[in-house]
Structures are given as C-alpha cells and as structure tokens.
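Values in this text are rule-based calculations from the coordinates and carry no lab data. Here the structure is a predicted model, which means the values were calculated and not measured. We place every Cβ from the backbone using ideal geometry, glycine too, and count neighbours over all the protein chains shown.
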Amino acid sequence: MCYLDAQRTFTKQNRMRRFVLLFAIVVLSFQFTSAQSKLGLKFSPAISSNRTSLIDSLYDVEPYNNTFKFSIGLIYDHELTETYYLSTGLIFVPKYVGFQVSEEMDQPSANYDKSNIEEYRLNYLQIPVSLKLFTNEIQPDMRIYFQVGMAPEIRVFSEPVEEDYDLITEYKNIDATILGGAGVEYRAGINTTLFAGFTYQRGLSNVVKVESFGFQEELFIRNTVVSFDLGIKF
C-alpha cells in the first residue's frame, strides 16, 4: 500500500513538472516574438460553490454551503491587435465541494444513517486561455476590458474536510471550465500595469470519479467560482 501511494505521488509530481515546463516554454516563446507581451501576477479572493445533479428514486443530493478561497498565479497577455489580446497563465485554484444527502419524501424505505452533509477540499492547477477585448481609454492611461474563454485544469490535491466523510472516494484528475469577466486596467508606468476585475468560472465536467454510496444513477457535481481579481503586469 505504501509503495502504491508513493508511486501515485511520484506520478502526480511528474505530471506537475511537465505541466509547468510546457507553460514556461509557451510563455518564453511569446515573449521573444512580441515586445508588447506582458507577464504578471494575479491574486483573486473568490467564492467557491458547486452544482449537483442526481436521478434517484430514494435519495436527493443538494448543494451545501459555499466557501471563501484565494487563488494566485502567473498571467501572460499577448497582443494580437491594439485592442485584442490572447491571455493565458498558470493559476493555483482551490475549490470546495459540499452537498447534503436527504431521503425522498415518498420513499420511507431509504436508510441513510450517517451524517447527511459532506464537504471536500480540491486544489487545481489551471491554464486559462481567453480573449481580452479592450475599449479606448475612458480616462488617461485607463481602459475597460472584457474577457471570455475556457480553462483546462489538473487536480493536484483533494481531501475530505472531516475524516468520516467518505461518500466520494476519488475525484477525476482533469476538469474544464468556461470563464467570463470584466475589469479595468491602469497603466501606472512605462512597463507597469495594474488591473482589477471580476471573473465567473463555470465547471463543465463532473468532478466525481468514484462514490461509495451506490446511488441508482451517476452523481454529478460541477464547480462554480466567482472571483475578484487584483494584479500587476510588467
């Protein structure tokens, strides 16, 4: 068992190294081909929640709670035209899964004697790929931007909030989200740009790989994140 755990850890570490190396190569290649490209840091306080779906005649599963999280990472904007930019990055994104299992009102034969609420923590490495559209200056050195795209994600960690939460025994390694947002950029200097905005991320994939409860149909859980983004670009 220890050997298997060590092997899984080694595999995840290798996957993360390849992930980071690929991103670094892409960023460096863009950096050398365009003087207008900008690399920066982004810090995002966020609200993380989830959506559930289950078809079962005995039980019902509903989302439970939402939590405050912080994501942080590198961003890279590559100029296509004066007002269109291709934006990507490498972001560490913590997420939350919480749900409540209840018996259907018309099914007294259901028997769920454990805690009916379970919560889990998930951490992802995300590579967003989006298009940023900028307006003309609304004030000197200040522009509004709109952003739309998607973001593949690799799960790097997951755990239950409490040890006895074991309804979900394994989560999928890959997820994907669509994202949209808007914000304001301010050029504070020749090579320095500050920005602030909001981003909405809606998970597309079911994050559950294995559940131990044995529902009649597949349990679907998808993540949702709403963040307030703050950052600086150079």
- Message: Tell me the net charge near GLU79. Cut-off is 11 Å between Cβ atoms, GLU79 excluded, with +1 for each Lys or Arg and -1 for each Asp or Glu.
- Response: 0
- What spacing in nm lies between the two simple spin-label points modelled at TYR165 and ASN191, each 7 Å away from Cα in the Cβ direction? 4.5
- Message: What number does the stretch 36-233 give for Rg over Rh if you use C-alpha atoms and the Kirkwood radius?
- Response: 1.09
- Order of ILE144, ILE174, ILE221 under a 10 Å beta carbon neighbour criterion, fewest first: ILE174, ILE144, ILE221
- Beyond 25 Å (Cα-Cα) in this structure, taken from LYS38/LYS172; LYS172/LYS233; LYS132/LYS172; LYS132/LYS209; LYS95/LYS209, we find LYS38/LYS172; LYS172/LYS233; LYS132/LYS172; LYS132/LYS209
- Message: Under a crude label model (7 Å from the Cα following the beta-carbon direction), how far is ALA176 from LEU39 in nanometres?
- Response: 2.8
- Message: With +1 assigned to the C-beta of every Lys and Arg and -1 to the C-beta of every Asp and Glu, and no other charges, what is the dipole magnitude of the stretch 149-192 about the Cα centre in debye, to the nearest 20?
- Response: 580
- Efficiency of FRET from Cβ geometry, LEU230 and GLU119, R₀ 22 Å, rounded to 0.05: 0.20
